[in-house]
Amino acid sequence: MTSAPAPVSDTSARLAPPVGLLAELTHRCPLQCPYCSNPLELERAKDELPTDVWQRVFQDAADLGVLQLHLSGGEPAVRTDLEALVAHGAGAGLYTNLITSGVTLNESRLHALRDAGLAHVQISLQDVDAANADRLAHYEGAHAKKLRLAEAVRKTGLALTLNAPIHRHNVMRTADFIDLAVAAGARRLEIAHVQYYGWALANRAALMPTRAQMDESIAIVEEARVRLKGILTIDLVVPDYYAIRPKPCMGGWGRGLITITPSGKAMPCHAAATIPGLLFDNVRDRPLAEIWTSSAAFAQFRGTDWMLEPCRSCDLRERDWGGCRCQALAFTGDARNADPACAKSGWHAAFTAAAAAEASAEPPPFRFRRMAAP
Ligand code: SF4
Ligand code: SF4
């Protein structure tokens with residue numbers, strides 16, 4: 001059991017509630033995507049929170065003011081209690097979204113989830129080319145199963161989003177992803193250039209596109225957004241490595257989202273465990289509202305007091321909150337530094353050059369996502 005650290009600061013008087021709760025129900029997944037953002041050390045089934053603890057957390061979240069519940073993983077549908085969890089989340093008044101790889105759900109289970117109160121389904125696609133999609137997932141027949149599930153979601157009347165993680169092995173088919181989303185009746189498509197955390201960071205050299213490929217994919221999305229207005233909403237996530245300003249990672253540390261890992265660790269973002277020295281409270285031990293207002297890990301990088309230069313005196317510090325702490329640590333060695341995606345960072349040139357060098361070299365073999373041997 002994790003013991004609760006003493007509160008570092010209690011900002012409850014001025015702290016708005018989080019908008020979303022990301023519940024990573026399990027790290028188990030039948031697929032082995034090399035771009036997976038899950039940590040290299042995946043949590044095991046025996047350590048997963050039981051049904052009643054997740055249900056209590058969902059009620060706590062609703063009481064705290066959370067609006068959206070994102071059920072994720074791993075593959076959340078490997079949990080046999082998924083229907084009970086959806087029913088509890090929806091019953092607590094949360095807008096309930098299932099983020100799925102789409103290979104384990106069948107039509108009858110989908111109906112049961114809808115009847116339990118599920119509002120939205122998000123299916124990730126590896127590629128539009130079936131053979132390449134199955135190669136990336138390391139699972140034969142995955143793509144065909146995903147398309148069947150997308151069709152079933154559309155028939156149930158549930159809202160459907162398709163998610164397309166983009167990298168050098170599929171970036172040339174950005175336009176095809178858009179065509180597929182329209183044909184599948186999706187309301188929303190996320191063209192999300194891979195963010196390099198967890199397994200994706202370990203596979204960065206195998207995945208990094210060139211700047212020219214990225215520019216072309218952005219131009220395709222921008223044209224399609226105009227052409228498909230009112231038919232399909234396309235969200236675009238650009239790769240940090242070719243940016244000049246960072247994204248406000250998670251909308252700012254401890255500002256809008258709580259992530260709960262399969263074993264119950266409450267984190268400001270799903271990669272926060274890569275930062276050494278942070279103490280994560282566990283929802284088994286401490287109420288969610290108390291974690292949100294007083295947890296040491298959430299307080300560590302909340303606001304701007306922790307910032308070093310150039311962020312400390314930058315006019316944009318309350319817009320992007322200095323970018324991503326995990327990326328700052330991974331590339332500069334200090335999580336308090338500006339995200340190296342920022343052109344004001346002293347590491348920016350090296351950050352961009354690393355990407356360009358990897359993108360122009362022959363890609364190394366994938367390191368597929370796998371649970372380590374016990
Ligand atoms: S990215 Fe792939 S391996 Fe990772 S959880 Fe999603 S479907 Fe599974
Ligand atoms: S210096 Fe810091 S706050 Fe300013 S734009 Fe760059 S990352 Fe954002």
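Mean shadow of the range 109-180, computed from the convex hull of its alpha carbons, in nm²? Please report the intermediate quantities before stating the final value.
Working: hull surface 19.6 nm².
Convex hull of Cα atoms, orientation-averaged projection: 4.9 nm².
Rounded to a whole number, what is D in µm²/s for the range 137-213 from Stokes-Einstein with the Kirkwood radius over alpha-carbon pairs (10 °C, 1.306 mPa s)? Kindly include the intermediate steps, with their values, before the conclusion.
On the way: Rh = 13.8 Å.
In µm²/s, the coefficient is 115.
Once R0 is set to 45 Å, what does the formula 1/(1 + (r/R0)^6) return for the Cβ-Cβ distance between residue 229 and residue 45, expressed as a FRET efficiency to the nearest 0.05? Mind dumping the intermediate values first?
Working: r = 44 Å, r/R0 = 0.99.
Working from the Cβ atoms, E equals 0.50.
Evaluate E = 1/(1 + (r/R0)^6) for residue 83 and residue 148, where r is the Cβ-Cβ distance and R0 equals 22 Å; express this FRET efficiency to the nearest 0.05.
Working: r = 20 Å, r/R0 = 0.91.
After rounding to 0.05, the efficiency reads 0.65.
Can you give the convex hull volume of the alpha carbon atoms of the range 96-255 per residue, in Å³?
Working: hull volume 21.3 nm³, N = 160.
Dividing the Cα hull volume of the range 96-255 by its residue count gives 133 Å³.
Could you state the orientation-averaged shadow area of the convex hull built on the Cα atoms of the range 320-374, in nm² to one decimal?
Details: hull surface 23.2 nm².
Value for the range 320-374: 5.8 nm².
Tell me the mean residue ellipticity at 222 nm calculated for the chain from its helices only (DSSP H runs of n ≥ 4, each -39500 (n - 2.57), averaged over every residue, nearest 500).
About -10000 deg cm²/dmol.
Suppose each label sits 7 Å from its Cα in the direction of the beta carbon; what would the residue 130-residue 350 distance come out to in nanometres?
4.7
Determine by what factor the alpha-carbon radius of gyration of the chain differs from 2.2 N^0.38 Å, reporting the quotient.
0.96
Could I have the simple spin-label model distance between residue 222 and residue 319, label points 7 Å from Cα toward Cβ, reported in nm to one decimal?
Placing both labels 7 Å beyond Cα along the Cβ direction yields 1.8 nm.
Could you give the length gained by full extension between residue 285 and residue 357, i.e. 0.36 nm per residue of separation minus their alpha carbon distance, to one decimal place? All intermediate terms of the calculation are to be shown ahead of the outcome.
Values: separation 72, 0.36 × 72 = 25.92 nm, distance 4.62 nm.
Stretched fully, the residue 285-residue 357 segment lengthens by 21.3 nm.
Once you charge only the Cβ atoms, +1 for Lys and Arg and -1 for Asp and Glu, what is the size of the charge dipole of the range 249-374 about its Cα centre, to the nearest 20 debye? Spell out each step's value before the answer.
Working: 14 positive and 12 negative charges, 66 e Å.
Dipole magnitude for the range 249-374 comes out near 320 debye.
Which whole-angstrom value gives the distance between the alpha carbon centres of the range 175-229 and the range 117-150?
With the range 175-229 and the range 117-150 each reduced to a Cα centre, they are spaced 15 Å.
Could you tell me the largest-minus-smallest coordinate of the C-alpha atoms of the range 234-374 on each of the three principal axes, in descending order and whole angstroms?
48, 47, 35
Under a Cβ-only charge scheme (Lys and Arg +1, Asp and Glu -1), can you give me the dipole magnitude of the chain about the Cα centre, in debye to the nearest 20?
Numbers: 39 positive and 40 negative charges, 39 e Å.
Charge dipole, the chain, about its Cα centre: 180 debye, nearest 20.
If you stretched the chain out fully between residue 373 and residue 109, how much longer would it get, using 0.36 nm times the residue separation minus the C-alpha to C-alpha distance? Don't skip to the end; give the middle numbers.
On the way: separation 264, 0.36 × 264 = 95.04 nm, distance 3.11 nm.
Separation in residues times 0.36 nm, less the Cα-Cα distance, equals 91.9 nm.
Based on alpha-carbon atoms only, what is the radius of gyration of the range 46-119 relative to the globular estimate 2.2 N^0.38 Å?
Details: Rg = 11.7 Å, N = 74, 2.2 N^0.38 = 11.3 Å.
Output field value: 1.04.
Compute the convex hull volume of the Cα atoms of the range 143-186, divide it by the residue count, and report the result per residue in Å³ as a whole number. It would help to have the intermediate numbers written out before the result.
On the way: hull volume 2.8 nm³, N = 44.
Convex hull volume per residue, Cα atoms: 64 Å³.
Distances over 26 Å make up what percent of all Cα-Cα pairs in the range 1-147?
Here the tail beyond 26 Å accounts for 33 percent of pairs.
When the Kirkwood radius is taken over all Cα pairs of the range 171-292, what Stokes-Einstein diffusion coefficient follows at 37 °C and 0.692 mPa s, in µm²/s? Please report the intermediate quantities before stating the final value.
Numbers: Rh = 17.0 Å.
So the translational diffusion coefficient is about 193 µm²/s.
In whole angstrom, and with the biggest value first, how far do the Cα coordinates of the range 64-157 range along each principal axis?
So the extents along the principal axes, rounded to whole Å, are 44, 25, 21.
Under 17 Å from a label point 7 Å along Cα→Cβ of residue 19: give me every residue in the range 97-119 with its amide N that close.
97-98
For the range 203-266, max minus min Cα coordinate along each principal axis, in Å, sorted largest first?
That works out to 42, 36, 24 Å along the principal axes.
Values in this text are rule-based calculations from the coordinates and carry no lab data. Fair warning: this is a prediction, and the values are worked out from it, not measured in the lab. A quick note on method: Cβ atoms are made from the backbone with ideal geometry, for glycine too, and the neighbour counts reach across all protein chains shown.
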